[in-house]
1. Hull surface divided by four, with the convex hull built on the Cα atoms of segment 315-467: how many nm²?
2. Could you work out the relative contact order of the chain, using alpha carbon pairs under 8 angstrom and six or more residues apart, expressed as a whole percent?
3. May I ask you to work out the translational diffusion coefficient for segment 1-131 at 4 °C, viscosity 1.567 mPa s, via Stokes-Einstein with Rh from the Kirkwood sum over Cα pairs, reported in whole µm²/s?
4. DSSP beta bridges in segment 359-488, what fraction antiparallel, as a percent rounded to 5?
5. Rounded to the nearest 500, what is the 222 nm mean residue ellipticity of the chain from helices alone, with -39500 (n - 2.57) per DSSP H run of 4+ residues and division by all residues?
6. For Cα extents along the principal axes in Å, one of (1) 83, 55, 42; (2) 93, 56, 45; (3) 74, 67, 42 was computed from the structure I shared and the rest are decoys. Which label?
7. What do you get for the angle between helix 247-258 and the principal long axis of the chain? Use alpha-carbon atoms, 0 to 90 degrees, nearest ten.
8. With an 8 Å cut-off on Cα pairs and a minimum separation of 6 or more residues, tell me the relative contact order of segment 383-441 in percent.
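Laboratory data are not the source of any read-out in this text; all were calculated from the coordinates shown. This structure is a prediction, so every number in the text was calculated from the model and none was measured. Backbone-built Cβ (ideal geometry, glycine too); neighbour counts: all protein chains shown.
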Amino acid sequence: MTIKRIDAGLYRRMLCSAAAALQERKDEINRLNVFPVPDGDTGSNMFLTLDTVRNVPLQDSSLAAYSEATAKAVMRAARGNSGVILSLFFRGMASAFAGHEAADSLLLTKAFRSGSQAARNAVMKPVEGTILTVMKDCTDFETSSVSDDVTAVLQQISALARESLKKTPELLPALKKAKVVDSGGFGFTVVVEGMLKALSGESFGESSFLYEDIPNSRADFSVFSNDEIAFSFCTECLINRGENTAQTAIDGLHSFLDGLGDSVVLVYDDEIVKVHVHTNEPMTVLEKMMALGVPQFIKVENMRQQHSSLVTSYEQKEAEKETLQDACAVIAVANGDGLHDLFMELGASYTVSGGQSMNPSASDFLKAIKAVNSRRVIILPNNSNVILAAKQAAEMSEHIQVDVLNTVTIPQGISAMIAFDPSANQEDNITSMTSAKDTVKSFSVTRAVKNAEINGVKVRRRQFIGLVDKSLKYAENSLDECLIRFTEDIGDREIITLYYGKGIKREQAERHADMLRAHLGAEKQVTVVCGRQAVYHYLISAE
């Protein structure tokens, strides 16, 4: 679908999507952070900076009014060198949107260029090969070639940003030494990608881009020594301007700060003044700032200490890598004590709580991967909504072969688990487990929460609904009737297992099993297992 205008509502969705993108990938950005100081916080700072947009109300704003409000909020929330630069970029965009109810593709291009220039102007000594370079390069195309489709233009901007990012190690020796791209530049490409996702209606994470040709996904912080950090303290201060604060006093801050440190960024408007500087004299900076107005935010971090912690963490990870076990481990997702126990009994090394309406995050899977302490891991998501997070964790796991089997139901996961052979190699297990999960037919029963018509089936609220392989097929007034309808789809499958959930007692489950035996015939084997899962009265497998 062609989008020709961005109004305030769409711009808000773009910014919120960009914040979500940073949240998803902040740890990846942190792992690349070697410039201007290898302190590993660029991703966190960029996320904390942009996340404040979620708190800015839309109301009935024009694009001009909303972009101005968000620019002010982001500037006040800005953290770290990269966060302040990102806030300046959005302030520059807001200045381009001034006076406009909405933006077409030409104005969007102008806003990106304005943002890039605003960020560069506020940095006392701009360095190439950083986020500033990526911001500048992403609109390096002729205005006359701009499409009237906003999505197409943002796709072009995204592609150019990524191309610029790849070149940053050739422009900045610190990056080349560490064999990584610039972390702030990487963060900016994530921001653009997040904005682009909002135009297509996708949430961030769906088909998220990867950089296969980036030389390294993690910087070796040990190649830098503390002696290379000339100024120890990352110092930030935000003040409300006093009524008598003269512009000349603010203008004098540049030369004052330049004499005390580096990475100087100064930003101000009619209400506030914000400073970021790396210095060995943080108290001198703070005293100067407090003479200009009332402090609202102060942060002083010891970057030498941060760097030492990163080096220690890196060395610990390298040591852990040597102790990983060779045996293949399985991580299974389940919702319910009975199902957790069943997967463990079948040979899973770890279970993660999750399922319908309770989806685990990538960090939950990373925790599980670390806990099993194996070089080879297979994840059984057991729900279509969980697969993406599992795959993101797999991509983020270094030195470990993690495969995600696309199991979308608990019965599929159990069938795959039964086929697992801990003595087999990873590839053979993937083959046999995939074959096993593809042969099982899955059924589930729950209650409808609202009236609807899906796949031609009319459903009334509180009816019992039956799903066959995740597709709604039946709607009945009683649980018995719904279970009986499943017999129509079991076909020639001979082994039927009923996993009963919370609210179903063992006696009731046994009665339902007898009822199915009567309808299916003596040749069918019907078994009852306590699953204690939420949401679903029954999960049923037929093999």
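1. Hull-based average projected area comes out at 9.9 nm².
2. It comes to 10 percent, rounded to a whole number.
3. Rounded, D is 86 µm²/s.
4. 75 percent
5. The helix-only estimate for the chain comes to -15000 deg cm²/dmol at 222 nm.
6. So the calculated entry is the one marked (2).
7. That helix lies at roughly 80 degrees to the long axis.
8. RCO, segment 383-441: 33 percent.
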